[in-house]
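I have placed the structure first, in the form of structure tokens, so that the comments after it can refer back to it.
The values are calculated or read from the model by the stated rules, or taken from the named source; none is laboratory data. These numbers were taken from a predicted model, which means no experiment stands behind them. Positions of Cβ are generated from backbone atoms using ideal geometry, with glycine treated the same way; all protein chains shown enter the neighbour counts.
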Amino acid sequence: MNGYDTLRRVYVRPPVPGDLTRWRDHGWHRAPDPSAADREHRAFREALVAAGAEVVVGATPVPGDPDAIYAYDPTLVLDDGVVLLRPGKERRRTEPQAFARDLDAAGVPIVAALEPPAVAEGGDLVFLDDRTLAAGVGYRTNDDGIEQLRRLLEPRGIVVVAFDLPHHHGPEECLHLMSILSPLDRDLVVAYLPMMPVRLARLLDAMGIGIVDVPDDEFATMGSNVLALGPRIALALEGNPETRRRMASAGVDVRTYVGAEISTNGDGGPTCLTRPLVRG
């Protein structure tokens with residue numbers, strides 16, 4: 001399943017007030033406002049529904065884990081079901097099994113699970129098309145994770161192409177591949193070029209995929225983290241006006257949401273907040 005076809009069904013996780021009290025343990029910037037976080041997430045879900053998506057709301061508890069709202073990371077969705085990943089961030093290791101219970105209740109089968117010493121997070125895994133998975137190797141995804149994914153995906157006709165991620169601010173601050181790049185259409189991504197691996201830039205060029213370049217001063221505010229609601233229809237965090245202008249110039253219908261608590265505070269953009277289950 002690629003990352004740009006029309007979003008039909010999507011899994012999300014609302015913020016839980018008691019879990020938000022553990023914000024410091026998980027590296028959030030400040031104490032969240034639970035009421036504001038709830039309002040923002042409700043509005044975010046309404047935007048997904050307005051775009052035509054069925055929204056599956058997860059309810060299985062993940063006690064003490066505010067990062068559980070970032071539904072993209074613990075799983076990888078394939079055409080025949082879901083692979084449970086193994087987060088590189090140790091405090092998130094209970095998420096995959098909790099999410100599996102939600103997905104099972106929603107009729108989504110679990111087809112495999114990564115095993116130690118593999119670690120991999122969804123934010124490092126980007127389908128550039130139906131048969132090409134770009135995978136970032138960094139502090140959250142390791143070589144063992146990539147090799148286990150290759151063994152699972154290659155029999156399904158999916159090629160896993162791995163790229164080393166930059167050190168940036170080190171292991172304590174999350175840098176995913178999707179911090180750098182998000183699909184917008186079969187021939188377009190939005191990306192921050194100064195952080196992009198050279199081999200990935202060359203692959204995009206070889207695949208005929210153009211790049212909407214994020215300016216330097218909009219990278220830290222998640223200008224390159226954008227959710228495709230469909231081909232050239234994007235949901236972006238409020239702000240980043242130049243990135244939005246550049247996407248619009250490339251023919252992208254850009255919609256925005258307010259995410260001071262659910263996105264900016266925890267460094268998780270619209271792709272992080274969602275796990276697309278069906279596109280097409």
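A few comments on the model shown:
- From R92, R86, R131, residue being under 19 Å from V12 (Cβ atoms) and of a type in the set (K, R): R92
- Candidates V119, V212, V126 - the one that is touching a residue at least 24 places away in the same chain (Cβ under 8 Å) and farther than 26 Å from D67 by Cβ: V212
- Exactly one residue among V226, V258, V252, V214 is of a type in the set (V, I, T), modelled with pLDDT of 95 or more and under 16 Å from the mean Cα position of the chain (by Cα), and that residue is V226.
- First in the range 172-183 and under 15 Å from V214 (Cβ atoms), second anywhere and surrounded by fewer than 24 Cβ atoms within 10 Å (Cβ to Cβ) and among the aromatic types (F, W, Y), Cβ under 7 Å, 6 or more apart: I180/Y192
- Subset of the range 153-167 that is in contact with a helix residue (DSSP H, G or I) (Cβ under 8 Å, 6 or more places away or on another chain), surrounded by 14 or more Cβ atoms within 10 Å (Cβ to Cβ) and not β-branched (V, I, T) - its residue that is nearest to P194 (Cα to Cα): L165
- Take the conditions (1) surrounded by fewer than 23 Cβ atoms within 10 Å (Cβ to Cβ); (2) of a type outside the set (V, I, T); (3) part of a loop (DSSP other than H, G, I, E, B); A100 misses just one of them, which is (3).
- Among residues of the range 105-144, those that are polar (S, T, N, Q) and either modelled with pLDDT under 95 or in contact with a helix residue (DSSP H, G or I) (Cβ under 9 Å, 6 or more places away or on another chain) (or both), counted: 2
- Screening D73, D5 for residues that are touching a Gly at 6+ places or on another chain (Cβ under 7 Å), within 22 Å of G230 (Cβ to Cβ) and not hydroxyl-bearing (S, T, Y) leaves exactly one candidate, D5.
- Looking across E147, E173, one residue alone is farther than 22 Å from H26 by Cα and out of contact with any helix residue (DSSP H, G or I) (no Cβ under 8 Å at 6 or more places or on another chain). It is E147.
- Filter result (more than 21 Å from R22 (Cβ to Cβ), assigned to a loop (DSSP other than H, G, I, E, B) and within 15 Å of the chain's Cα centre (by Cα)) within the range 62-89: L85
- Residues located in the range 41-61, provided they are surrounded by fewer than 23 Cβ atoms within 10 Å (Cβ to Cβ) and part of a loop (DSSP other than H, G, I, E, B): A51, G52, G58, A59, T60, P61
- Count of the range 120-138 residues which are surrounded by fewer than 22 Cβ atoms within 10 Å (Cβ to Cβ) and either assigned to a helix (DSSP H, G or I) or over 16 Å from the mean Cα position of the chain (by Cα) (or both): 3
Condition check ((1) free of Cβ contacts under 8 Å to residues at least 24 places away in the same chain; (2) out of contact with any Pro (no Cβ under 7 Å at 6 or more places or on another chain); (3) crowded, with 17+ Cβ neighbours inside 10 Å; (4) among the aromatic types (F, W, Y)) across all residues:
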residue: Y192; (1), (2), (3), (4): no, yes, yes, yes
residue: M207; (1), (2), (3), (4): no, yes, no, no
residue: V226; (1), (2), (3), (4): no, no, yes, no
residue: R232; (1), (2), (3), (4): no, yes, yes, no
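- Hits in the range 29-40 - residues which are of a type outside the set (K, R), loosely packed, with under 15 Cβ neighbours inside 10 Å and in a helix (DSSP H, G or I): S35
- Any pair with Cβ under 7 angstrom, 6 or more apart, that starts in the range 18-37 at a residue that is charged (D, E, K, R) and ends at one that is not in a loop (DSSP other than H, G, I, E, B): D19/P66; D19/A68; R22/P66; D25/R91; D33/E261
- Residue tally, condition more than 16 Å from A68 (Cα to Cα) and assigned to a loop (DSSP other than H, G, I, E, B), over the range 1-28: 6
- Checklist (1) among the aliphatic types (A, V, I, L, M); (2) touching a strand residue (DSSP E or B) at 6+ places or on another chain (Cβ under 8 Å); (3) touching a residue at least 12 places away in the same chain (Cβ under 8 Å) applied to V49, failing item: (3)
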